Amino acid sequence: MNLLVIAFKSLKQRALASSLTALSVALGIMLMVSVLVINSVVDDTFNQRSVGVSLVIGPRGSDLGNVLSAVYRIGKPSENLPYRVLTQDIPQAAERLPGVKKSTDVIEWVIPMTMGDVSEEGAFPVVGTTPKYFKVEYASGKRFTKKGQLPVNPFDAMIGAQVARENSWDVGSQFTLIHGGADSGHVHDEKFTVAGVLGPTGTANDRTVFVNIEGFFLISGHEKPPEEAIQRLRDFGYEVTPAQEAEIREASGGHDDHGHSGHDHSGHDHAGHAPHGIPDDLKEVSFILVRTKSPTASLMLAPEINEGMRAQAVNPIIVISKLMKLFVGNTRKLLLCLTALIVVVAGIGIFVSIYNSMSDRKREIAIMRALGAHRGTVFAIILGESLLLCVGGGILGLLMGHGLVVIAAPFVESQAGIIVNPWKFDAMELVLFPVLIGMATLVGFLPGLTAYRTDVADSLND
Amino acid sequence: MSLSIRNLTKSYVEPGGRRLPILNVDSFDIADAEQVVLVGSSGGGKTTLLNVIAGVTTSDSGQVVIDGTDVTTLSEPARDRFRALKIGYVFQTFNLLPAFTALENVLLGMSFSGRKVDRSHALELLERVGLNHRLHHRPTKLSVGEQQRVAVARALANRPSLLLADEPTANVDTANQDNLLKLIREACTENSVSLMLVTHSQDVASQFDRVEKLSDFNMPEAAE
């Protein structure tokens with residue numbers, strides 16, 4: 001009979017006390033595993049692996065605000081950028097880089113985004129973008145899956161998996177938008193039709209309503225009056241020639257003649273009479289997502305854009321890494337410290353439980369010694385008990401922790417749209433067991449020493 | 001010679017620091033397979049003598065030779081191993097481990113010897129003491145007589161050359177006392193094991209050919 005079996009039998013003899021002390025360790029480890037899994041999910045959601053974008057170009061201001069708004073759909077953009085940033089400045093900035101002849105040498109793709117509105121039903125953020133958005137990787141090595149078609153017509157939409165589920169929308173569903181956010185109360189007349197539904201991605205795309213950017217511009221009130229548009233361009237430092245001014249006024253007038261304001265757009269096909277005549281100088285975008293062909297190119301392109309324009313280019317990886325390090329990382333450390341304390345308290349519980357039992361077990365120890373067990377053997381048996389409680393509790397806690405996440409995963413996915421993989425192991429979990437073995441040795445040492453020092457003759461005579 | 005004691009002394013230190021002699025044995029021998037009863041008054045040093053012979057406690061001086069090995073010269077780990085291999089010990093209060101079944105209690109004695117655990121021998125012993133139907137019962141589920149029979153089987157598990165029995169019948173009724181005594185004696189005879197049995201019972205003592213009174217060969221006062 002090996003020593004661990006003997007230790008296990010002794011623990012079984014004190015089944016209730018042993019179970020409770022092992023359970024206290026299990027609960028501590030369960031909490032720790034939950035924190036690690038949650039952290040892993042947060043990490044996956046926010047870190048660079050989940051972002052297929054090299055640069056987010058947005059209005060001057062908070063780089064974090066721009067990234068949160070453009071990539072994670074948290075918050076609204078502070079202001080919009082002229083369309084010329086997309087059509088002129090980014091290609092020019094790329095071409096100014098040493099050794100670059102044309103922008104496509106360094107830029108893989110550029111995708112504009114307009115934001116600010118929300119869906120009337122469910123208040124999901126609405127992003128106006130091009131169909132190209134759905135053709136590129138949304139995260140490293142991950143592409144969208146979809147049901148239905150791409151939103152190629154101006155009033156077509158593509159919706160995220162969570163939007164489809166919560167609003168019970170499917171291909172063919174129609175919906176309207178609230179201008180400027182849920183609080184404004186101004187519902188646009190234009191109706192959009194769901195052309196496609198995205199598969200779950202575990203990203204902010206799941207809770208986003210995407211509309212064709214052309215349709216977004218066609219919504220009454222989204223285009224700027226010509227005088228304001230000309231002034232905005234000048235504010236951004238662009239030259240607007242008299243010829244361009246005339247072109248803007250003419251195009252804008254033609255557009256007004258068409259009578260977008262006040263009529264129902266849902267009844268006729270905008271795609272059929274494209275172009276709608278909205279000149280680029282009347283368009284504005286909230287953000288421009290850029291994917292460069294190499295990480296170095298993005299590092300070089302960002303300062304070029306930041307120096308040359310009133311837009312701000314930020315690398316979302318750097319911004320999010322900072323956020324993770326400063327805030328999320330510290331929160332994780334704090335939570336891990338708290339759960340580690342719980343495990344330590346459980347360890348003290350094991351110590352108290354074994355140590356208290358020692359006075360009752362002196363005779364047992366003495367019998368083993370009288371049967372020929374060495375002092376070291378009885379020490380090892382007590383240490384084995386501590387080890388079994390700690391490691392057994394640890395394994396139970398590990399299973400309970402992942403079990404808890406298994407139970408919570410569907411709820412989290414339905415409520416928050418975050419895909420949680422309950423069986424994903426964090427490398428820290430591997431560290432738990434050496435730590436538990438260390439703790440077992442520590443808490444088992446003193447009771448073990450008591451067993452080691454037991455006087456056989458005295459204890460047998462007691 | 002299975003056991004040979006020479007010039008053995010043992011004393012305890014009282015709380016006041018004064019030494020209290022317990023044992024002072026000039027000479028005492030037990031031949032191979034011999035069965036000896038040791039009688040004596042309570043507190044006379046019978047259990048201490050058994051503990052010294054078993055190496056559970058150390059003597060102040062003298063020799064305790066078992067199967068040619070002087071136990072008093074061995075280190076503690078060596079004494080532990082020697083005890084496990086050569087000496088069987090049956091206690092007055094059985095001292096079965098409550099967490100283990102009858103079979104496991106017997107196997108446990110083998111585990112500490114360092115030898116390979118011989119399960120079939122353990123089963124044979126339990127069958128020999130009439131407990132083959134109670135192998136997987138814990139001590140609390142066994143009667144007093146059954147517990148003492150398990151204790152006998154455990155003491156013989158490592159095929160010892162000397163069996164020490166300290167008042168083995170003190171806690172059993174008269175009917176069981178005779179059966180238990182018969183069992184111990186037969187088991188020792190069958191396995192050529194020397195037996196030193198301590199008792200205060202004249203009934204028990206009268207069943208043995210050799211009865212030794214401790215006070216006849218232990219003179220602690222002479223050691224003062």
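Each value in this text was obtained by applying a stated rule to the coordinates, not by laboratory testing. Bear in mind that the values here come from a model prediction, so they are computed numbers and not experimental data. Neighbour counts run over all protein chains shown; Cβ positions are idealised from the backbone, glycine included.
Values as computed for the structure displayed
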quantity	calculated
Karplus-derived HN-Hα couplings along the stretch A:242-248 (A = 6.51, B = -1.76, C = 1.60, θ = phi - 60°), whole Hz, x at Gly and Pro	x, 5, 5, 4, 4, 5, 4
Amide H within-cut-off set for residue A:107, under 5 Å, with H built and near neighbours excluded	A:293
Translational diffusion coefficient (Stokes-Einstein; Kirkwood radius from C-alpha pairs) of chain B at 10 °C, 1.306 mPa s, in µm²/s	89 µm²/s
Sparse-neighbour loop sites [trypsin sites (Lys or Arg not before Pro); the stretch B:47-156; at most 15 other C-beta within 10 Å; DSSP]	B:115, B:116
Whichever lysines have a C-alpha closer than 25 Å to that of residue A:424, once near sequence neighbours (fewer than 8 apart) are set aside	A:142, A:322, A:325, A:333
Distance from the stretch B:170-185 to the stretch B:189-220 (C-alpha centre basis), Å	15 Å
Estimated vicinal HN-Hα couplings, Hz - the stretch B:93-100 in sequence order (Karplus 6.51, -1.76, 1.60; Gly, Pro = x)	9, 6, 6, 7, 7, x, 7, 10
Percent of Cα pairs exceeding the 26 Å cut-off, where the set is the stretch A:280-429	61 percent
Rg [Å, one decimal], Dmax [Å, integer] - the stretch B:77-190, C-alpha atoms	12.9, 40
Cβ-based charge dipole, the stretch A:51-315, positive-most Cα from A:175, A:194, A:299	A:299
Cα lying deepest toward the dipole's positive end in chain A, options A:93, A:342, A:115, charges on Cβ	A:342
Options B:151, B:176, B:200, ranked by Cα towards positive dipole end of the stretch B:98-224, top entry (Cβ charges)	B:151
All aspartates and glutamates inside 19 Å of residue B:213 as judged from Cα atoms, apart from same-chain residues fewer than 8 positions distant	B:26, B:29, B:34, B:166, B:167, B:203, B:221
Size of charge dipole - the stretch B:1-64 - debye, nearest 20, with Cβ of Lys, Arg +1 and Asp, Glu -1, no other charges	300 debye
Simple Cβ-charge dipole of the stretch A:91-203, Lys/Arg +1 and Asp/Glu -1, about Cα centre, in debye nearest 20	660 debye
Placed amide H near residue A:211: partners under 5 Å, 5+ positions off or other chain	A:127, A:128, A:129, A:158
Viscosity 1.567 mPa s, temperature 4 °C, Stokes-Einstein D of the stretch A:51-315 from Kirkwood C-alpha radius, µm²/s	68 µm²/s
Cα coordinate range in the protein assembly as shown, projected on the principal axes (Å, largest first)	136, 48, 42
Phi-based couplings in Hz for the stretch A:286-291 (Karplus 6.51, -1.76, 1.60; Gly and Pro marked x)	7, 9, 10, 8, 10, 10
For the stretch A:1-147, the Rg and Dmax computed from alpha carbons only, in angstrom	26.3, 82
Chain A, dipole about Cα centre (Lys/Arg Cβ +1, Asp/Glu Cβ -1), debye to the nearest 20	2880 debye
Label-point separation, residue A:407 to residue A:356 (7 Å along Cα→Cβ), nm	2.8 nm
Euclidean distance between Cα centres, the stretch A:345-415 to the stretch A:1-40, Å	5 Å
CD proxy at 222 nm, helix term only [per DSSP H run n ≥ 4: -39500 (n - 2.57); per residue of the protein assembly as shown; nearest 500]	-15000 deg cm²/dmol
Amide proton proximity set for residue B:213, modelled H, under 5 Å, gap of 5+	B:39
Square roots of five times the Cα gyration tensor eigenvalues for the stretch A:81-180, Å	32, 17, 11
Anchor residue B:141: lysines whose Cα lies under 25 Å away (excluding residues fewer than 8 positions away in-chain)	A:9, A:12, A:362, B:182
